[in-house]
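For reference, the structure is listed below as structure tokens.
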Amino acid sequence: MRQSTFSSGFEKHSKKTRKERFLGEMDQVIPWKKLSQALEPHYPNPQGAGRRPIGLERMLRIYFMQHWYNLSDPAMEDALYDSRAMREFAGIDLGNEAAPDESTILQFRHRMEACDFGAELLRLVNAHMADKGLKVSRGTIVDATIISAPSSTRNQGRFCL
């Protein structure tokens, strides 16, 4: 069970966004426990000294969101801090912990690619969802950037409303 943050539920006006609805459906439809159990033998064991690995199911959820929204590793880290819906889907509570950084996301993605798990997981999930009559397609989030540019001298003499 995921714990909600202190600010959750205090919004006077709220609406479920498309992202929240989609992630809610994926939370219900995808067999996260089965996928985690299938990969568990290949995931680092949390024993010994050093940094503890982040939970496998959490990293799988981040991995899938990265593919669904076509995000780079740094963009996925930013999205986890920016999007409450994505944090809730991944089970991240910023009041208690930081989101995985881009290098952690990169290392997990490289592990998935090195073992060729990514394609197999997506194939299994798509087959599982097809059995339920569902289909997921990849989306895109465009990162907007504001740049400083000099004003045009071409229209300097004209004034239009």
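Couple of notes before you dig in:
- Every condition in (1) at pLDDT 55 or above; (2) closer than 25 Å to residue 72 by Cα; (3) in a loop (DSSP other than H, G, I, E, B) holds for residue 150 except the one numbered (2).
- In the set (1) surrounded by 13 or more Cβ atoms within 10 Å (Cβ to Cβ); (2) at pLDDT 90 or above, residue 55 fails one condition alone, (2).
- The helices (runs of 4 or more DSSP H) found entirely in the range 28-113 that carry 1 or more residues being in contact with a helix residue (DSSP H, G or I) (Cβ under 9 Å, 6 or more places away or on another chain) and over 26 Å from residue 128 (Cβ atoms) are 73-82, 84-90.
Conditions (1) at pLDDT 85 or above; (2) crowded, with 19+ Cβ neighbours inside 10 Å, marked per residue:
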position: 13; (1), (2): no, no
position: 23; (1), (2): yes, yes
position: 28; (1), (2): yes, no
position: 42; (1), (2): no, no
position: 63; (1), (2): yes, yes
position: 71; (1), (2): yes, yes
position: 82; (1), (2): yes, no
position: 90; (1), (2): yes, yes
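- Within the range 115-133, tally of residues that are exposed (fewer than 10 other Cβ atoms within 10 Å of the Cβ), acidic (Asp, Glu) and part of a helix (DSSP H, G or I): 1
The values are calculated or read from the model by the stated rules, or taken from the named source; none is laboratory data. Since this is a predicted model, take the numbers as computed values, not measurements. No Cβ is skipped: glycine too gets one built from the backbone with ideal geometry, and neighbour counts run over all protein chains shown.
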